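*Asks:* Sharing a structure below in structure tokens format, with a few things to ask.
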Ligand code: ATP
């Protein structure tokens, strides 16, 4: 990627992007690739470098080395043409605490390049407030807002200019489950209307539920970047749940990859044929079907590549679910 090069297909691209703070490599040699129409989930534990990366994408922090292109233009050199097309919410929204949400958006709007008539801009403010679930008639100063309401107001500000690209750092911070669901649906709707979305999160479930593409940051390094459907595609294994796991394992021999409790993972092409065979042998089969990895397992494997101490990544990027137990190889 040459400085000044234009890359029309790509929405965000970085090459060997690095930010050092003294001896700390907060962001270490990362090549991001975000494409038109993506909902890109940037996943990483607290302190893994997500906010620093987002700040470099927006030209708020200068890289130590490497290059950034946003909407096909080099950053920060092209920030004057790029930033008006980007809506951003980074590290908690700021607002004037003594003004209402509406007045805050009006102030922001007045400082922007949009010179359309005031009545049109007022309507737009009402629209974005409604979109994010805030009452356009609410005159309370934002100091009375909850964290979740402030987060919504920040999102409303990011939406004001109908951006081509939304860059959101932990957008659901401070929201309750219903608020998270509303914001998720809003982002998916915006995406279906053509907005590319780049969002950072430390929540696996959030990324798994709404993203089309995933990047995983582990202590500054991009350890994984791929389409979600590729990561979660069938594994060629069939999961069998049975009250007779030992008998099942004996019958299937080397085809059995993993046994855990009442579940076996078996190398097989056809779950129905496997079921028929087991039932024919008198095995009580409770459940049978293609086995897919979930994002938690994918992240675990990505983190285990070159580092042996990958568990902190998985512990810190949380699923907000307690019922998951990773599969273990059967101990002979
Ligand atoms: P969080 O979710 O907690 O905000 P993060 O993934 O966004 O985490 P960053 O805020 O980018 O991570 O921080 C990455 C690392 O860089 C951390 O170790 C942090 O302490 C360090 N860091 C960030 N900004 C600075 C700075 N201005 N000076 C020194 N170190 C910094």
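*Asks:* Which ordering of 213, 233, 241 is given by a fewest-first count of other beta-carbon atoms within 10 Å?
*Replies:* Fewest to most other Cβ atoms nearby, the residues stand as 233, 241, 213.
*Asks:* Per residue, what volume in Å³ does the Cα convex hull of the stretch 14-110 take up?
*Replies:* Taking the convex hull of the Cα positions in the stretch 14-110, it is 137 Å³ per residue.
*Asks:* Here is a further query. What's the exposure ranking of 125, 207, going from fewest to most Cβ atoms within 10 Å?
*Replies:* Placing the least packed residue first, the sequence is 125, 207.
*Asks:* Let me ask another. Using mean Cβ contacts within 10 Å as the protection proxy, how do 248-255, 66-73 order, highest first?
*Replies:* In descending order of packing, they fall as 66-73, 248-255.
*Asks:* Mind ranking 292-300, 151-159 by how tightly packed they are, going by the mean number of other C-beta atoms within 10 angstrom, highest first?
*Replies:* Going by the mean number of other Cβ atoms within 10 Å, highest first, we get 151-159, 292-300.
*Asks:* Given that compact globular proteins tend to follow 2.2 N^0.38 Å, what is the ratio of the alpha-carbon Rg of the chain to that value?
*Replies:* For the chain, the normalised Cα radius of gyration comes out at 1.19.
*Asks:* For a quick check: sort 42, 198 by the number of other beta carbons within 10 angstrom, fewest at the front.
*Replies:* 198, 42
*Asks:* Nearest 10 degrees, 0 to 90: what angle lies between the long axis of helix 118-131 and the longest principal axis of the chain (Cα atoms)?
*Replies:* Approximately 20 degrees, to the nearest ten.
*Asks:* While we're on this one: For the pair residue 241 and residue 226, how long in nm is the line joining their label points, each one 7 Å along Cα→Cβ?
*Replies:* 2.6 nm
Every read-out reported here was derived from the displayed coordinates using simple, explicitly stated rules and does not represent laboratory data. Quick caveat: nothing in here was measured; it's all calculated off a predicted structure. Glycine also receives a Cβ, built like all others from the backbone with ideal geometry; neighbour counts cover every protein chain displayed.
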